[in-house]
1. Test of understanding: among Glu60, Glu122, Glu115, which residue is within 21 Å of Ile177 (Cα to Cα), free of Cβ contacts under 8 Å to residues at least 12 places away in the same chain and acidic (Asp, Glu)?
2. Return the residues of segment 214-226 that are within 16 Å of the ligand (Cβ to nearest atom) and over 17 Å from Lys136 (Cβ atoms); say none if nothing qualifies.
3. So, in segment 254-269, exactly how many residues are surrounded by fewer than 21 Cβ atoms within 10 Å (Cβ to Cβ) and more than 16 Å from Ser330 (Cα to Cα)?
4. For segment 144-167, name all the residues that are within 16 Å of the ligand (Cβ to nearest atom) and either touching a Ser or Thr at 6+ places or on another chain (Cβ under 7 Å) or at pLDDT below 95 (or both).
5. Look at segment 11-39 and say how many of its residues are in a loop (DSSP other than H, G, I, E, B), in contact with a helix residue (DSSP H, G or I) (Cβ under 7 Å, 6 or more places away or on another chain) and farther than 19 Å from Pro84 by Cα.
6. Within the group Leu275, Leu211, which residue is within 14 Å of the ligand (Cβ to nearest atom), modelled with pLDDT of 95 or more and under 30 Å from Ser26 (Cα atoms)?
7. With the requirement that a residue be surrounded by 16 or more Cβ atoms within 10 Å (Cβ to Cβ), of a type in the set (A, V, I, L, M) and either touching a residue at least 60 places away in the same chain (Cβ under 8 Å) or more than 15 Å from the ligand (Cβ to nearest atom) (or both), what does segment 16-43 give you?
8. Tyr49 is checked against (1) within 16 Å of the ligand (Cβ to nearest atom); (2) more than 25 Å from Ile178 (Cβ to Cβ); (3) surrounded by fewer than 20 Cβ atoms within 10 Å (Cβ to Cβ) and fails just one. What number does that condition carry?
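The values are calculated or read from the model by the stated rules, or taken from the named source; none is laboratory data. Since this is a predicted model, take the numbers as computed values, not measurements. Positions of Cβ are backbone-derived with ideal geometry, glycine not excepted, and every protein chain shown enters the neighbour counts.
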Amino acid sequence: MSMSDLAAVAKAMVADGKGILAADESGATIGKRFAALDIESTEENRRLYRTTLLGTPGIEEVVSGVILYDETIRQKADDGSTIPEFLIGKGILPGIKVDTGSKPLPLCPGEQVTEGLDGLRERIAEYVAMGAKFAKWRAVIVIDEANGLPSDTAIRCNAHALARYGALCQEGGLVPIIEPEVLMDGDNDIDTCYDVTLRTQRRVFWELAQLRIELGGMILKPNMVVSGKKCATQASPEEVAEKTLRCLYHSVPPAVPGIAFLSVGQPADVATLHLDLMNKLGPHPWQLTFSYGRALQDEALRTWRGAPDNVAEAQKVFTHRAALAGAARSATYDPSLESGDLALVAATATQD
Ligand code: 13P
């Protein structure tokens, strides 16, 4: 794939009114989410769950791409097509998580580095042959002020790995989603999150430049700038929107076509409101959209609960959530829509 083809895919990933569904939970993560709802985590149950989401009628109106896990990209939809074929048939771009998870960073207690570079060139070729158009690699940065974290070592190692991965993707024909996630689990305030996110993103873009990444052929997937979950003072949605934007304006070159946020475990309505507020403050140099996992899926998973009889209701709930995210992507969300008529909300987002 040429650089202009990569740029076309990147643009399509953040097309007007659309965002990305992250459905790439590892076997361990989906296992935990299933266990919490007493759903047995068998390969077939994971297939049934993922095909329930992906088979939801009309999601292509607001979902440009889906990030898949290695197991899922090899599975089939009920009609016998492979999952990538099924998605492409709906006009949705298939993507693939290619990192192999985060491991303790040696000599840096409490910090992690994401692995998966060994053999990545060959895995990328295999995924491209299966129909994948983009990839994802998630780096995690921990804030722990009492222990002086994050260290520069952790930020540099993770940024370098992201750039090595990004270069391999562009060489092999996949658009890399570059995901440096600053975790929000601590008791730090929003300003500490701002400082760490800015430091991280600046280092990431320095490494991307060193490794000759074509910025037009990538998507950034950052955290929003928020207060730590255990912080006594929680920033208002307006402050989150303003500080997240300020951080992006000071670190992300305008040549990047799009920024697709993760939800980082924020409640779905909160993640949706934050995205909407940022888009209402636009236009911006980049498209601002979602690449949510939990904020799109949680309610649908609770509704499905592994029962075939619940598929239609789970799809209805998922449609509603996706339509709300689509509205936030178009700056037309309002919290009152949360309890609105599902079909009406979906139709509104469809017209955007
Ligand atoms: P959440 O939206 O659930 O944070 O996850 C998205 C994701 O892809 C994490 O890597």
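1. Being within 21 Å of Ile177 (Cα to Cα), free of Cβ contacts under 8 Å to residues at least 12 places away in the same chain and acidic (Asp, Glu) holds for just one of Glu60, Glu122, Glu115, which is Glu122.
2. Of everything in segment 214-226, those that are within 16 Å of the ligand (Cβ to nearest atom) and over 17 Å from Lys136 (Cβ atoms) turn out to be Met224, Val225, Val226.
3. 6
4. Listed by number, the residues that qualify are Asn158, Ala161.
5. Total satisfying the criteria: 3.
6. Of the residues listed, the single one that is within 14 Å of the ligand (Cβ to nearest atom), modelled with pLDDT of 95 or more and under 30 Å from Ser26 (Cα atoms) is Leu275.
7. Ile20, Leu21, Ala22, Ala23, Ile39
8. Here Tyr49 meets the rest and fails (3).
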